1. If you go through the stretch 56-68 one residue at a time, how many are buried (at least 23 other Cβ atoms within 10 Å of the Cβ) and either under 23 Å from GLU354 (Cβ atoms) or free of Cβ contacts under 8 Å to residues at least 40 places away in the same chain (or both)?
2. If I filter the stretch 265-283 for residues that are within 29 Å of ARG324 (Cβ to Cβ) and modelled with pLDDT under 95, do I get at least one hit?
3. Please determine whether any residue of the stretch 299-310 is farther than 29 Å from ALA339 by Cβ, among the basic types (Lys, Arg) and touching a residue at least 12 places away in the same chain (Cβ under 8 Å).
4. Would you mind finding the one in ILE227, ILE181 that is among the aliphatic types (A, V, I, L, M) and part of a strand (DSSP E or B)?
5. Looking at VAL132, VAL123, VAL127, VAL108, which one is surrounded by fewer than 16 Cβ atoms within 10 Å (Cβ to Cβ) and either assigned to a strand (DSSP E or B) or within 19 Å of the chain's Cα centre (by Cα) (or both)?
6. Write out, first by first residue and then by second, each pair whose Cβ atoms fall under 6 Å of each other, whose residues are 6+ apart or on separate chains, and whose first residue, in the stretch 209-236, is within 16 Å of VAL198 (Cβ to Cβ) while the second is acidic (Asp, Glu) and not in a loop (DSSP other than H, G, I, E, B).
7. What's the number of the only condition in (1) in a loop (DSSP other than H, G, I, E, B); (2) free of Cβ contacts under 8 Å to residues at least 60 places away in the same chain; (3) touching a strand residue (DSSP E or B) at 6+ places or on another chain (Cβ under 9 Å) that ASP331 fails to meet?
8. Please verify whether ILE221 is more than 21 Å from GLY137 (Cα to Cα), touching an Asp or Glu at 6+ places or on another chain (Cβ under 9 Å) and β-branched (Val, Ile, Thr), treating the condition exactly as stated.
Amino acid sequence: MSGKTTIKQLVVLAAVACMACPAVGAAAEPSAGLSVQVSSESELSTPGAGVAVAWSMDGSRLAAASQYGNVLTIWDRTGRLVNRIIRDGGGPTLGGSLAFAQGSSQIVFPPPGAADNDAAFSVWETVSGRIVKTVDGPQPGHDYPFNRADHFATSPDETMLAIATRAGPSWGARFHQNIAIYDTRTWKLLRSIAVPLVLSSLCVFGNGRFLGLGTVNSGQIVVVDPISGATVTDVRAYEDSKYGFVSLGAIAGSPAGDLILSGVGSRALNGGEYLNTPEQRAWDSSMSSTEAVRLFRVKDGARVATFPFAHGPIRQAMWDPKGRYVAFVDDNRGLFLWAPWRRDGYRKVELQGETLALAVSPDGDQIAVTANRGVRVFSLVVAD
């Protein structure tokens, strides 16, 4: 990437608590810590703060949504501006998704504000900025919350797009489906699925074999087979508490499909006799600090690790496509790279400001994070 560039050598060493994870497997547990050199930060400008960022499958394009989703900016691999698309209203889209399709020739984002209630997302040409298609959601003929793509992700080969709407069982008899799966080559709806929970995050992992779904207010992770629609695993990531509840704002599954990470997106305190008690305050503090990031085994839902050094809300998480680390950003200007099967298995990069989103490049050797006025791109050298 070109543009304003500074060189940083950031190596932060610390011991990670709760790293003894027999479920990860002794064969995959090296004796050395995670060795990552972060060097060469590029700064790419956007109008307004970035709220979403994505790489194309071939690594040739990087895109960001900014100004609460009103602007889409696209760069090539050198940092040269390819296009800046003005999106007419429909925001804010904090926590919204952004994805490439058809290699790097198309980009997918929630539709403009003038779209009808059936619309789930729109597809723009990256070079011309023209909308080539606006695609309906899983419940055409119903109000827009039943159809708009609040969260979405593509498979690693970009042939499948999964979306989650904001609808759930609280919408009553009108609720039928809140997950939809599309073929990005034709934009044909392949399957719709009903998950009887309100969803707050989504990821595609295991080389497209699984959907990971984070939930609002229930602390649950649901893993679904996108082909059959069957539930693979239902993980209680955070236990019921008399003090409050959490929503899972970040979720990331491993490339092998064996592990899934959750990050606390928000917390809400229960009223009544526990309100503002020392016990409730202690619970609230632990959910935002030492318990904000947890890692689970997919096959049986067992928790295998907890990361105690990030501070919630966890904004976004994504796995390295090569499986060497999982990356996430927190509410304390931290970018973390974590390999829970290694001793001393994490690195923290101190960011210059708050960030709302990140994206890992297809080769895992670059990470882009949104910033107040752009995107910062970090180059990594990860030792095996």
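The values are calculated or read from the model by the stated rules, or taken from the named source; none is laboratory data. Fair warning: this is a prediction, and the values are worked out from it, not measured in the lab. Every residue, glycine as well, gets a Cβ built from its backbone with ideal geometry; the counts of neighbours run over all protein chains shown.
1. Filtering the stretch 56-68 for residues buried (at least 23 other Cβ atoms within 10 Å of the Cβ) gives 56, 62-66.
Adding the requirement that they be either under 23 Å from GLU354 (Cβ atoms) or free of Cβ contacts under 8 Å to residues at least 40 places away in the same chain (or both) leaves 62-66.
Residues flagged as buried (at least 23 other Cβ atoms within 10 Å of the Cβ) and either under 23 Å from GLU354 (Cβ atoms) or free of Cβ contacts under 8 Å to residues at least 40 places away in the same chain (or both) within the stretch 56-68 amount to 5.
2. Just the residues of the stretch 265-283 that are within 29 Å of ARG324 (Cβ to Cβ), to begin with: 265.
Those left that are additionally modelled with pLDDT under 95: 265.
Yes; the residues of the stretch 265-283 include at least one that is within 29 Å of ARG324 (Cβ to Cβ) and modelled with pLDDT under 95.
3. At the first step, the residues of the stretch 299-310 found to be farther than 29 Å from ALA339 by Cβ are none.
Checked against the condition, which is being farther than 29 Å from ALA339 by Cβ, among the basic types (Lys, Arg) and touching a residue at least 12 places away in the same chain (Cβ under 8 Å), the stretch 299-310 yields no hits at all.
4. Working: ILE227 fails: part of a strand (DSSP E or B).
Going through ILE227, ILE181 in turn, just one is among the aliphatic types (A, V, I, L, M) and part of a strand (DSSP E or B): ILE181.
5. Numbers: VAL123 fails: surrounded by fewer than 16 Cβ atoms within 10 Å (Cβ to Cβ); VAL127 fails: either assigned to a strand (DSSP E or B) or within 19 Å of the chain's Cα centre (by Cα) (or both); VAL108 fails: surrounded by fewer than 16 Cβ atoms within 10 Å (Cβ to Cβ).
Answer to the selection: VAL132.
6. As it stands, the answer is VAL222/ASP234, since those pairs meet every condition given.
7. Status for ASP331: all satisfied but (3).
8. On the way: more than 21 Å from GLY137 (Cα to Cα): yes; touching an Asp or Glu at 6+ places or on another chain (Cβ under 9 Å): yes; β-branched (Val, Ile, Thr): yes.
Spelling it out, ILE221 is indeed more than 21 Å from GLY137 (Cα to Cα), touching an Asp or Glu at 6+ places or on another chain (Cβ under 9 Å) and β-branched (Val, Ile, Thr).
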